[in-house]
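Worksheet: one structure, shown below.
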Amino acid sequence: MSGLTLGPFSFSAGLLATFASILAVLFVGNRLARSRATGVEKSLWMIVAVALLAARVVYVFIYAKLYAAKPLGALDFRDGGFHLTAGLCAGLATAALLAWRQRGQSLPLLAGAGAGAGVFGLVALATLAMPAPTVHLPQMSLARLEGGVLPLTSLAGKPVVINLWASWCGPCRREMPVMRQAQLAYPGVTFIFVNQGETPGEIRAYLHGQSIALDNIVLDARPGLAHVLGSKALPATFFFDGKGVLTDRRVGELSAATLADRLPAQR
């Protein structure tokens with residue numbers, strides 16, 4: 001799993017590279033502009049804005065069928081859906097165009113964009129090269145909502161998606177229909193919905209009120225699983241391969257597109 005984990009916080013390689021490259025664009029571009037007694041702040045932010053917009057637009061285009069059901073979801077970038085390569089190319093192209101139109105500012109613009117692209121590549125390579133700790137399905141048993149106990153280690157053998165949620169959590173409620181559709185669409189993946197700290201009565205009342213039928217709901221009253229997985233925010237979703245090894249995680253709401261983006265290899 002590529003990225004960086006610091007305590008309960010997990011940062012993907014793409015997110016780290018994006019933030020680092022934006023800082024590099026602004027720092028290098030402004031530094032050179034000041035040395036030449038010129039200003040390029042607005043142009044640098046334009047490069048950044050075009051890059052981010054292009055990254056989002058291309059991602060939405062790729063998953064257009066999934067965003068079509070809720071078109072306004074394409075505007076909600078909180079789902080984390082960005083095509084980073086497209087964004088990088090768009091940013092460089094914008095820098096080249098602005099440098100051609102603003103000849104006196106070409107060096108700060110091109111240097112800033114080049115620094116951003118270079119830092120993006122270096123951070124991405126560094127995070128990919130960093131040895132990530134291997135995390136397995138926890139050796140825990142959780143009570144099923146319908147009765148009985150589910151040992152998590154018994155799930156090994158096919159891909160597993162563990163979703164930590166609660167009915168009082170707004171993002172959890174919004175992504176629950178997405179999770180239900182994925183549970184139906186991916187029979188080769190086991191989805192486990194681990195409720196955090198609520199009573200069976202509260203869970204049933206919520207499911208009945210929302211007319212949502214989910215398989216594999218388990219109770220985590222302490223909540224112990226969240227502590228083991230290092231999660232302190234909801235919703236949180238963890239992706240395990242068929243060997244029970246953690247391959248990806250997402251803290252925050254998933255859309256149909258960003259969930260599907262993590263599932264193709266796990267069909």
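The values are calculated or read from the model by the stated rules, or taken from the named source; none is laboratory data. For clarity, every value in this text was computed on a predicted model and none was experimentally measured. No Cβ is skipped: glycine too gets one built from the backbone with ideal geometry, and neighbour counts run over all protein chains shown.
Quick one: would you say Gln139 is surrounded by 13 or more Cβ atoms within 10 Å (Cβ to Cβ) and more than 30 Å from Ser21 (Cα to Cα)? Before you say what the answer is, go through the steps one by one.
Numbers: surrounded by 13 or more Cβ atoms within 10 Å (Cβ to Cβ): no; more than 30 Å from Ser21 (Cα to Cα): yes.
No, not satisfied.
Determine which single condition Ile192 fails, assuming it passes every other condition in (1) in the same structural domain as Asn30 (by TED's automatic domain parsing); (2) modelled with pLDDT of 95 or more; (3) not aromatic (Phe, Trp, Tyr).
In the conditions (1) in the same structural domain as Asn30 (by TED's automatic domain parsing); (2) modelled with pLDDT of 95 or more; (3) not aromatic (Phe, Trp, Tyr), Ile192 misses (1) alone.
Which members of segment 89-115 meet the condition of being touching a residue at least 60 places away in the same chain (Cβ under 8 Å) and of a type in the set (A, V, I, L, M)?
Within segment 89-115, Leu107, Leu109, Ala111, Ala113, Ala115 meet the criteria.
Restricting attention to strands (runs of 3 or more DSSP E) lying wholly within segment 148-222, give those where 1 or more residues are of a type in the set (D, E, K, R). Explain how you work it out, then say what you get.
Numbers: elements: 149-151, 160-165, 190-196, 217-220.
Strands (runs of 3 or more DSSP E) meeting the threshold: 217-220.
Exactly one condition in (1) closer than 22 Å to Asp261 by Cα; (2) surrounded by fewer than 16 Cβ atoms within 10 Å (Cβ to Cβ); (3) touching a helix residue (DSSP H, G or I) at 6+ places or on another chain (Cβ under 9 Å) is not met by Pro71; state its number.
For Pro71, the failing item is (3).
What residue, of Gly118, Gly170, is loosely packed, with under 14 Cβ neighbours inside 10 Å and without any contact (Cβ under 8 Å) to a residue 40 or more places away in the chain? It would help to see each step written out before you state the result.
Working: Gly118 fails: without any contact (Cβ under 8 Å) to a residue 40 or more places away in the chain.
When all the criteria are applied, what remains is Gly170.
Checking Thr134 against (1) over 21 Å from the mean Cα position of the chain (by Cα); (2) outside the structural domain of Cys89 (by TED's automatic domain parsing); (3) exposed (fewer than 15 other Cβ atoms within 10 Å of the Cβ); (4) more than 23 Å from Leu254 (Cα to Cα), which single condition isn't satisfied?
Checking Thr134 against (1) over 21 Å from the mean Cα position of the chain (by Cα); (2) outside the structural domain of Cys89 (by TED's automatic domain parsing); (3) exposed (fewer than 15 other Cβ atoms within 10 Å of the Cβ); (4) more than 23 Å from Leu254 (Cα to Cα), the one that fails is (1).
Pull up segment 151-167, narrow it to residues that are under 18 Å from the mean Cα position of the chain (by Cα) and under 9 Å from Pro235 (Cβ atoms), then point me to the one that is surrounded by the fewest Cβ atoms within 10 Å (Cβ to Cβ).
Start the filter on segment 151-167 by keeping residues that are under 18 Å from the mean Cα position of the chain (by Cα), which leaves 160-165.
Okay, now just the ones that are also under 9 Å from Pro235 (Cβ atoms), so 163-165.
Numbers: Asn163: 26, Leu164: 24, Trp165: 26.
Applying the filter and picking the extreme gives Leu164.
For residues that are closer than 21 Å to Met179 by Cβ, modelled with pLDDT of 90 or more and not in a loop (DSSP other than H, G, I, E, B), tally how many sit in segment 226-245.
Residues in segment 226-245 being closer than 21 Å to Met179 by Cβ, modelled with pLDDT of 90 or more and not in a loop (DSSP other than H, G, I, E, B): 5 in total.
Quick check on Gly39: is it in the same structural domain as Leu110 (by TED's automatic domain parsing) and surrounded by fewer than 19 Cβ atoms within 10 Å (Cβ to Cβ)? Full working, then the answer.
Details: in the same structural domain as Leu110 (by TED's automatic domain parsing): yes; surrounded by fewer than 19 Cβ atoms within 10 Å (Cβ to Cβ): yes.
Yes; evaluated as a whole, the condition is true for this residue.
With Arg204, Arg250 as the choices, which residue is in contact with a helix residue (DSSP H, G or I) (Cβ under 9 Å, 6 or more places away or on another chain) and not assigned by TED's automatic domain parsing to the domain that holds Ala55?
On the way: Arg204 fails: in contact with a helix residue (DSSP H, G or I) (Cβ under 9 Å, 6 or more places away or on another chain).
That would be Arg250, the only listed residue that is in contact with a helix residue (DSSP H, G or I) (Cβ under 9 Å, 6 or more places away or on another chain) and not assigned by TED's automatic domain parsing to the domain that holds Ala55.
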